[in-house]
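Heads up, the thing below is written out as structure tokens.
The values are calculated or read from the model by the stated rules, or taken from the named source; none is laboratory data. Since the structure is predicted, the reported quantities are computational estimates derived from the model, not experimental observations. A quick note on method: Cβ atoms are made from the backbone with ideal geometry, for glycine too, and the neighbour counts reach across all protein chains shown.
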Amino acid sequence: MSSWKTTAAAALVLTALTARHLAAQTDELRVLASNGVKAALEELVTAGEHATGHRLAIRFNSSTALNAIIEGGDPFDVVLVTSDLMDELVKGGRVKEGSRVAIAQAGIGVGVRTGAPKPDITSPEALKRALLQARAVTYAQDGASRVHVERMFERLGITSAMTPKTILEQGSIRSTARVAAGDAELVLTLISEILPIKGIELVGPLPAAFQHYVAFSVAVGTHARQPDAATALIQVLTSTLARDTLKAKGLDPPAAVAKGAGQKPLHLYVMDCGVLTPTTEAVERYHVTLAEVGETRMSVPCFLVVHPRGTLLWDLGVIPDEDVGAQPGGARSNVNPTVAAFVPRTLSSQLAQIGYGPPDITYFAISHAHIDHSANMNAFAGSTWLARAAEREFMWADGNTRVRPAFYSMLRNRAPLLINTDEYDVFGDGNVVIKSAPGHTPGHQVLVLNLAGTGRVMLSGDLYHYPQERALHRPPPDNEANVQQSAASRQVIEEYLRRTGTALWIEHDFAANTKLRKSPAYYD
């Protein structure tokens, strides 16, 4: 055969192969999908190909890596990623307007090697213990859950302990493989990235206080070559078949979390935990006169914070419920020789009225340990106690007449979740923050709430007792644990209030407290 015939034949073959390749490419539906939905999507391939009439060419990776692929210009017909990334794709015009659909969400869980003992992770304290006892842990450095895992370490106060024994991997597939191989004891990632993996088992979800749900959305690419087929695939992914498959792989329907127990909006309930009646001597201790204050009585409120990730009970009254319940018409007691207390009804009955009991309280904290703030601590010994080391030491100090250890005897041998930072973000979203304000006692603290309707509110503890102390710029009482420190805390808090636009609720302000909505009404 002559050379020109050979060349022509080769060209024909090349043309035929190229045409076949182009046809195959045209026949493909190009899908970019997050690792979080990998197991479920793989089971739905057959249904998807049948519905679209195209072969599904799926590329799985972390959403972070997929974003880089998209930014690099790689073409796609369908993209299924975290809703956070989808927000960016919508803003950038990368997906067709109106094509976005939420399909699922997954919580974060803990996995161990198959057959290995499963640690208790059902409470923050138990999880902290399991993490500290683990030889090594792993999670994906580019995964959607990383920021929430590391925020959890920070809130537990174990970041420095976890850093040297944490194995960061590219993607959840590699991090779960580390546990299967025995290189790490625990993997922290989405439950949907644990359940399908051979060689590892799910221990369980993170406790409610640390749980975060990563949502996933799907959309048609702006430059999709097969827009109709892409739409058909999305219909498959939102079908009953898909919902069942997603559920089996650890993915809940988008609305399931919002409807679930404990997923209520942020609410603040104000409970009536009594009233204090001080003598003239006690009033003047605060460097104000009877004429200046007018109303000398002090309110004793308790507060319940209901958050989508749990509950926090703040300040626990002046007389224990068992004493209040045993005396018809309420209970009376003397806090000290100059202050008398009266409590008309139990804290537990007020909680029960809105459907809560001790097992429903995730956390409890007190502004400080004085008698009129700590009476019912024993009743919530099964919840996680948030405290500062200085206050815990103060609570059991020898000869301390400002406290009553019998109120919290059940906590004597229990370690609280220690707060060692100025501000502690209780639920990890900045809306419920415990802030240090020492001086009245060594570990005195205040609570800051960011309520959607009410705005920013600070519960004062005993930073002030009477509003006139604040308005008239009077110095702190002489019987503070540290008068100079208390004065400095007042200055810091006043600047914080001014800078952040936060309203101060003085807890003992009787007149102001009378006007507050009381439970079962609430602030949101």
Within the range 380-401, restricting to residues that are of a type in the set (Gly, Ala, Ser) and touching a Phe, Trp or Tyr at 6+ places or on another chain (Cβ under 9 Å), the one that is surrounded by the fewest Cβ atoms within 10 Å (Cβ to Cβ) is Ala381
Name the pairs: first residue in the range 38-62 and within 21 Å of Asp84 (Cβ to Cβ) and in the same structural domain as Ser239 (by TED's automatic domain parsing), second residue part of a helix (DSSP H, G or I) and among the hydroxyl-bearing types (Ser, Thr, Tyr), Cβ to Cβ under 6 Å, at least 6 apart or on different chains?
Ala40/Thr245
Could you go through the range 235-253 and let me know if any residue there is among the small types (Gly, Ala, Ser), assigned to a helix (DSSP H, G or I) and at pLDDT 95 or above.
no
Can you name the number of the only condition in (1) over 26 Å from the mean Cα position of the chain (by Cα); (2) closer than 28 Å to Pro124 by Cβ that Val187 fails?
(1)
Scan the range 61-77 for residues that are within 19 Å of Ala102 (Cα to Cα) and either modelled with pLDDT of 95 or more or of a type in the set (A, V, I, L, M) (or both) and jot them down.
Leu66, Phe76, Asp77
Of these, Asp425, Asp478, which one is among the charged types (D, E, K, R) and modelled with pLDDT of 95 or more?
Asp478
All but one of (1) assigned to a strand (DSSP E or B); (2) on the phi > 0 side of the Ramachandran plot hold for Leu276; state the number of the condition that does not hold.
(2)
